[in-house]
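Below is one structure; the comments refer to it alone.
The values are calculated or read from the model by the stated rules, or taken from the named source; none is laboratory data. Just so it is clear, the model here is predicted, and its values are computed rather than measured. Here Cβ is always computed from backbone atoms with ideal geometry, including for glycine, and neighbour counts include all displayed protein chains. Note: accessible area is taken over every heavy atom of the protein model, side chains too, but ligands, DNA and RNA are not part of it. Shrake-Rupley method; radii C 1.70, N 1.55, O 1.52, S 1.80 Å.
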Amino acid sequence: MAAHPPQPRPRSADRGVPDSATRPPRGGQSRRGRAPLVVAAAVNTLWAVLVSYLPVAAVTWLIRLAEGESSVPGAAQVGLAAWLLGHGVPLETPTGPLGLPPLMLSALAAWRIYRAGVHTTRAIGGRRSGSPGQVLLVAIAVGIAYGGIGAAAAVATDATVTAVDPTRAALGTGVFGALAALLGAARTTGTLDRLSLRCPAPLRNGIRAGLVATLLVLAAGAAAAGLSVAIGGGDAADTIGVYRAGVAGQAGITVLSVAYAPNATVWAAAYLLGPGFALGADTAVRTSEVTLGSLPAVPLFAGLPNGPAGGLSAALLALPVLAAMTTGWVLNRRWQSADGTGQVGWIALLGAAAISGPIAGLLLGLAAAASGGPLGAGRLAEIGPVPWQVAAAAGAVVTVAAVVGAAAARSVAAPTVDRTG
């Protein structure tokens, strides 16, 4: 009988290395392909800064060009101050503190740092790893890098025009960057999905419904603000024409107005919810009263109401209620579709709808806090809504309306037929 030749063993067995050591890491990326955390965080953070800063510098140059100042270094310094303002870092000017952040710039910066967290996590091999430790490391690394750039930007600003505290700039931009990168890293590693699955179903669906309600209420605010500006379009055009700054200057003013459009959206949402907002000391823009003083020539202010709500504006007040009721309706329909075992119980459904109210109130209160700030030390030192009033009103409206919407959807839903027997 012929002897069979010996079969060669795997190289890992010859060397005494277990098979698990030859497998690729959980993230699907070999260790040789990973980048050092410090390098990945620095490169991705710097790219995020450039993408969010360059549009600001371009708009600043256009505005200064209209004023007869064509210096690129000067525009770059003013652009750095505006970039810091977008992160909530207050500026000290000859007329007083300037702390009204353009939320469009804030959103752009947050999105780019979120992506920096995503790319940094992928670069170090943390994709789908489910490691909370990697999430924290990425957030800390990106936050430190972002804070360092913020401090450098504060030092580089023109002190004769704006003064920025480097320490405050480092803390403000560092926390901003760490939070945005934390979210990006948590989504990339899958940690956020794991935490979501560990939450009880009513809590998980209630938080999701609160996010939806927040977006719908802000959408209602955007619609109301856009309609107001459209109605006052002639006044807005006249306001832009007052500057007589040429095509470049008017383009810069228009872009500046767009940068503050999200602020106007939050203020309009606060108006629809009831608390309203202020445009200076001893002023109020509410459904029940409108008290205004002299205002800067800004196109966005052309859509302000002239008096208490009435007619079409009164009908707009129902938008937040309808948005919250829609949230409750969608909550019921989506939960039934995802459950697959029949209709969701009344207690679980109404409990999730009730949870959505405080979540929406918290988020809208934070949005109200971020949308306001001073425009100098004079009468315009108080601008924006009162955060706790917006949070309380939004929480109450969304809670009641979402519960009503969910209950209505549950009542009219067709009963599920049991086909197992």
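Data table
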{"read-out": "Residue match in the stretch 148-157 (condition: of a type in the set (Ser, Thr, Tyr) and outside any loop (DSSP other than H, G, I, E, B))", "value": "no"}
{"read-out": "Single condition Ala75 does not satisfy, out of (1) in contact (Cβ under 8 Å) with a residue 24 or more places away in the chain; (2) more than 30 Å from Val118 (Cβ to Cβ); (3) among the aliphatic types (A, V, I, L, M)", "value": "(1)"}
{"read-out": "Helices (runs of 4 or more DSSP H) completely within the stretch 277-374 that count 1 or more residues being modelled with pLDDT of 95 or more and surrounded by 15 or more Cβ atoms within 10 Å (Cβ to Cβ)", "value": "319-339, 346-371"}
{"read-out": "Given (1) at pLDDT 90 or above; (2) touching an Asp or Glu at 6+ places or on another chain (Cβ under 8 Å); (3) open to solvent by 40 Å² or more (accessible area, probe 1.4 Å), index of the condition Ala163 fails", "value": "(1)"}
{"read-out": "Residue in the stretch 121-144 that is in contact with a strand residue (DSSP E or B) (Cβ under 6 Å, 6 or more places away or on another chain) and at negative phi present", "value": "no"}
{"read-out": "Close pairs from the stretch 286-307: first under 17 Å from Asn263 (Cβ atoms), partner exposed (fewer than 12 other Cβ atoms within 10 Å of the Cβ) and modelled with pLDDT of 75 or more, Cβ under 8 Å, at least 6 apart", "value": "Gly303/Ala230"}
{"read-out": "Meets criteria (modelled with pLDDT of 95 or more, open to solvent by 20 Å² or more (accessible area, probe 1.4 Å) and either of a type in the set (Phe, Trp, Tyr) or within 23 Å of the chain's Cα centre (by Cα) (or both)) for Ile149", "value": "yes"}
{"read-out": "Meets criteria (assigned to a helix (DSSP H, G or I) and either among the β-branched types (Val, Ile, Thr) or open to solvent by 50 Å² or more (accessible area, probe 1.4 Å) (or both)) for Val43", "value": "yes"}
{"read-out": "The stretch 271-297: number of residues that are of a type in the set (A, V, I, L, M, F, W, C), over 16 Å from Gly378 (Cβ atoms) and within 25 Å of the chain's Cα centre (by Cα)", "value": "4"}
{"read-out": "Among (1) modelled with pLDDT under 95; (2) open to solvent by less than 10 Å² (accessible area, probe 1.4 Å); (3) not basic (Lys, Arg) - the single one Gly117 does not satisfy", "value": "(1)"}
{"read-out": "Qualifying residue in the stretch 168-177 (condition: open to solvent by less than 20 Å² (accessible area, probe 1.4 Å), more than 16 Å from Ala42 (Cα to Cα) and either modelled with pLDDT of 95 or more or of a type outside the set (Phe, Trp, Tyr) (or both))", "value": "yes"}
{"read-out": "Test for Arg127: is it open to solvent by 30 Å² or more (accessible area, probe 1.4 Å) and in a loop (DSSP other than H, G, I, E, B)", "value": "yes"}
{"read-out": "Residues satisfying the stated conditions in the stretch 375-387, i.e. in a helix (DSSP H, G or I) and modelled with pLDDT under 90", "value": "Arg379, Leu380, Ala381"}
{"read-out": "Of all residues in the stretch 265-276 being of a type outside the set (Val, Ile, Thr) and either on the phi < 0 side of the Ramachandran plot or at pLDDT below 75 (or both), the one that is surrounded by the most Cβ atoms within 10 Å (Cβ to Cβ)", "value": "Ala269"}
